[in-house]
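Visitor: Pasting in a structure now, in structure tokens, and then I'll have a few things to ask.
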Amino acid sequence: VTESLRIPYPGQAEPLVLPGASGFVIVSGFRRIAACRGLGWNSIRAQVLQKASLYICALKAIAANSLERPLNLIEISRALRLLDQYAPDGQAPPEDTAALGLPTHAGMAARLKTLCRLPAEVQDAVLEEAVSFAMACEIGRMEEGLAVALARLFRELKTSLNKQREIVTLLAEIARREGIDPMGVLSEERLSRLLDAQDLDRNQKTQRIRKLLRQRRFPALVAAEDNFHSRRQRLALGENLQLAPPRDFEGTRFTLTLNFESLEEVGRLREKLDELVDHPDFKALLTGKGRGFEETQVP
């Protein structure tokens, strides 16, 4: 910024500058000044801070930005880091952060400060709201390559936090059980083909990726689930009769639910129950849990 500061800036606030050895150091208004340079202006009007410490400059810069619009998570992270960098005691007083509208809770502030140190692609995913604050903190503890790969995956899928956590957990458990790097699991050809499939939308890709990972992590459980659903479908229970397996396929107790509004419906359900008792697939469901309801096991 030159010493000639005469041309009025047509904005809500003038940039803040600090006198330097060979001109002025910009404190806030970087984008405004860059825009004016792009217009070919040689000088603009700015507010000059006299004898201000670097910490005071940091406070004013953050205040100027937060007055224009609410700060996003990455900007909040940078603001907190900036205050700590120049605070006299190495940490900004709570009253200063509160006055700027920044989080004052120590735990929350500590987590927020990590965001601006994440790889750029992870930060972009946070800004796009493809990765939540909680997930960003989680993958931020991972190796950089894996963190970036997960950010790319979640930017593609646009899925919920719970499903993101499920994917991350399955990746970690598969890698730990098989003694390989999680990046190797994520780079598997079958996963890559699913992501590149043009005939699948995001929800379908997410569902199939989760199923693929669950099959690899719990092969016996997934096989038992598939066998159960296949046998149950062959029973043709209808809308008024539902059969549920043991919760999480643990234990031996099944649940049979009947829905009816009249005595006639009760009579038809009773007939259906009599049919079920003699149905081979129903017998296999009740006796075949220990064998994963295998299709070949028919009494």
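The values are calculated or read from the model by the stated rules, or taken from the named source; none is laboratory data. Source: prediction; values computed, not measured. A quick note on method: Cβ atoms are made from the backbone with ideal geometry, for glycine too, and the neighbour counts reach across all protein chains shown. Note: areas computed on protein heavy atoms with side chains; ligands, DNA, RNA excluded. Shrake-Rupley method; radii C 1.70, N 1.55, O 1.52, S 1.80 Å.
Visitor: Quick check on A149: is it in contact with a Phe, Trp or Tyr (Cβ under 7 Å, 6 or more places away or on another chain) and either of a type in the set (A, V, I, L, M, F, W, C) or open to solvent by less than 10 Å² (accessible area, probe 1.4 Å) (or both)?
Guide: No.
Visitor: Assuming R141 fulfils every condition listed in (1) under 15 Å from the mean Cα position of the chain (by Cα); (2) touching a residue at least 24 places away in the same chain (Cβ under 8 Å) apart from one, which condition is it?
Guide: Of (1) under 15 Å from the mean Cα position of the chain (by Cα); (2) touching a residue at least 24 places away in the same chain (Cβ under 8 Å), only one is false for R141: (2).
Visitor: If only one of P88, P103 is touching a residue at least 12 places away in the same chain (Cβ under 8 Å), more than 24 Å from V131 (Cα to Cα) and in a loop (DSSP other than H, G, I, E, B), which one is it?
Guide: P88
Visitor: Moving to a separate point now. For a quick check of your reading of the model, give me the residue pairs whose first member lies in the stretch 8-27 and is within 16 Å of K51 (Cα to Cα) and at pLDDT 80 or above, whose second is of a type in the set (G, A, S) and part of a strand (DSSP E or B), with beta-carbon atoms closer than 9 Å and at least 6 apart or on different chains.
Guide: L16/S28; V17/G23; V17/S28
Visitor: Then there's this: Checking R45 against (1) closer than 30 Å to Q164 by Cβ; (2) open to solvent by 80 Å² or more (accessible area, probe 1.4 Å); (3) of a type outside the set (S, T, Y), only one condition comes out false. Which one?
Guide: (1)
Visitor: Among the numbered criteria (1) touching a residue at least 24 places away in the same chain (Cβ under 8 Å); (2) in contact with a helix residue (DSSP H, G or I) (Cβ under 6 Å, 6 or more places away or on another chain); (3) not hydrophobic (A, V, I, L, M, F, W, C), which single criterion is violated by R208?
Guide: Among (1) touching a residue at least 24 places away in the same chain (Cβ under 8 Å); (2) in contact with a helix residue (DSSP H, G or I) (Cβ under 6 Å, 6 or more places away or on another chain); (3) not hydrophobic (A, V, I, L, M, F, W, C), the lone unmet condition for R208 is (1).
Visitor: Would you point out the residue of the stretch 102-126, among those that are open to solvent by 30 Å² or more (accessible area, probe 1.4 Å) and of a type in the set (A, V, I, L, M), that is farthest from L73 (Cα to Cα)?
Guide: A106
Visitor: Moving on. Sort out which residues of the stretch 152-170 are open to solvent by 20 Å² or more (accessible area, probe 1.4 Å) and in contact (Cβ under 8 Å) with a residue 40 or more places away in the chain, and write them in order of number.
Guide: Once the filter is applied, which keeps residues that are open to solvent by 20 Å² or more (accessible area, probe 1.4 Å) and in contact (Cβ under 8 Å) with a residue 40 or more places away in the chain, the stretch 152-170 yields E156, K158, T159, K163, E166.
Visitor: Here is a further query. Could you tell me whether any residue of the stretch 178-189 is open to solvent by 30 Å² or more (accessible area, probe 1.4 Å), among the hydroxyl-bearing types (S, T, Y), out of contact with any Lys or Arg (no Cβ under 9 Å at 6 or more places or on another chain) and under 24 Å from E129 (Cβ atoms)?
Guide: Within the stretch 178-189, not a single residue is open to solvent by 30 Å² or more (accessible area, probe 1.4 Å), among the hydroxyl-bearing types (S, T, Y), out of contact with any Lys or Arg (no Cβ under 9 Å at 6 or more places or on another chain) and under 24 Å from E129 (Cβ atoms).
Visitor: List every residue pair whose Cβ atoms lie under 8 Å apart, where the two residues are 6 or more positions apart in sequence or sit on different chains, the first residue falls within the stretch 246-259 and is over 16 Å from H229 (Cα atoms), and the second residue, located anywhere, is open to solvent by 100 Å² or more (accessible area, probe 1.4 Å) and not in a helix (DSSP H, G or I).
Guide: N259/E239
Visitor: Now a separate question. Suppose the filter is in contact (Cβ under 8 Å) with a residue 40 or more places away in the chain and either in contact with a Phe, Trp or Tyr (Cβ under 6 Å, 6 or more places away or on another chain) or exposed (fewer than 15 other Cβ atoms within 10 Å of the Cβ) (or both); does S192 pass it?
Guide: When the stated conditions are applied, S192 does not pass them.
Visitor: Could you please tell me which pairs satisfy a Cβ distance under 8 Å, a separation of 6+ or placement on different chains, a first residue in the stretch 261-285 that is in a helix (DSSP H, G or I) and at pLDDT 85 or above, and a second residue that is open to solvent by 60 Å² or more (accessible area, probe 1.4 Å) and of a type in the set (K, R)?
Guide: So the pair list comes out as D281/R232; D281/R234.
Visitor: Additional query: Across the stretch 215-245, what is the total count of residues that are open to solvent by 60 Å² or more (accessible area, probe 1.4 Å), under 36 Å from the mean Cα position of the chain (by Cα) and touching a residue at least 12 places away in the same chain (Cβ under 8 Å)?
Guide: Selection size over the stretch 215-245: 3.
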